[in-house]
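Notes follow the structure.
The values are calculated or read from the model by the stated rules, or taken from the named source; none is laboratory data. These numbers were taken from a predicted model, which means no experiment stands behind them. We place every Cβ from the backbone using ideal geometry, glycine too, and count neighbours over all the protein chains shown.
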Amino acid sequence: MQNPVFVAADTMDCWINNDLDDLNQLLKKIDCLIINDSEAKLLASEHNLIKAAEKILDMGPNVVIIKKGESGSMVCRAGGGMFVLPAYPADDVKDPTGAGDSFAGGSMGYLAQVGKANFDSLKKAVAYGTIVASFTIADFSLAGLTSISKADIDGRLETLRKVTSF
């Protein structure tokens, strides 16, 4: 790639367990690592997620987004800055398969749309990722995603905004 604006990678325990040297080289070249909570703990050899995020940031990326499944997500930025967002309050979970990938896709799609990756944009991106994942878990395979509209996404985003403000 020539002069990318923002590069994110999503890893999995397979790479951490079997190709850690290659993963460590990659971490020095990317802006953001998207990783789930158990993978973050494994990669950082740290049980505490805040400390794990700090250790991962020391490995190279400027941002780490930790997916915590039904507990939401956490964004940490090198040099300070943390944002924690709960998951969308889903009352009907049929299949969580693909929710993490949908979260990452929704987040990156939002960043691509706004054309910037500052901390405010990252916070909004994980909110959009959270909403996309909430549609994924509501049905099997792609059925939860193929029948939604932008209005559906915006409606859930507003609900998430309401239930997280105090």
### Message
Condition check: surrounded by 18 or more Cβ atoms within 10 Å (Cβ to Cβ), small (Gly, Ala, Ser), out of contact with any strand residue (DSSP E or B) (no Cβ under 7 Å at 6 or more places or on another chain) and in contact (Cβ under 8 Å) with a residue 24 or more places away in the chain. Does Gly115 satisfy that?
### Response
no
### Query
Pairs under 9 Å by beta carbon, first residue more than 14 Å from Leu43 (Cα to Cα) and in contact (Cβ under 8 Å) with a residue 24 or more places away in the chain in the range 59-77, partner aromatic (Phe, Trp, Tyr) and not in a helix (DSSP H, G or I), six or more apart or different chains?
Val63/Phe6; Gly72/Tyr88; Ser73/Phe83; Met74/Phe83; Val75/Phe83; Cys76/Phe83; Arg77/Phe83
### Top-ranked residue of the range 80-92 - restricted to ones that are touching a residue at least 12 places away in the same chain (Cβ under 8 Å), more than 10 Å from Ala127 (Cα to Cα) and out of contact with any strand residue (DSSP E or B) (no Cβ under 6 Å at 6 or more places or on another chain), ranked as surrounded by the most Cβ atoms within 10 Å (Cβ to Cβ)
Ala90
### Task
Name the residue, out of Ser107, Ser102, that is touching a Gly at 6+ places or on another chain (Cβ under 9 Å), modelled with pLDDT under 95 and either crowded, with 18+ Cβ neighbours inside 10 Å or part of a helix (DSSP H, G or I) (or both).
Ser102
### Task
Keeping to the range 1-42, report how many residues are free of Cβ contacts under 8 Å to residues at least 40 places away in the same chain and touching a Lys or Arg at 6+ places or on another chain (Cβ under 8 Å).
3
### Query
Among (1) among the hydrophobic types (A, V, I, L, M, F, W, C); (2) modelled with pLDDT under 95; (3) in a helix (DSSP H, G or I); (4) closer than 19 Å to Asp10 by Cα, which single condition is Ala117 missing?
(3)
### Message
I need the full set of residues from the range 127-148 which are among the polar types (S, T, N, Q), in a helix (DSSP H, G or I) and more than 10 Å from Gly98 (Cα to Cα), in order please.
### Response
Thr130, Ser134, Thr146
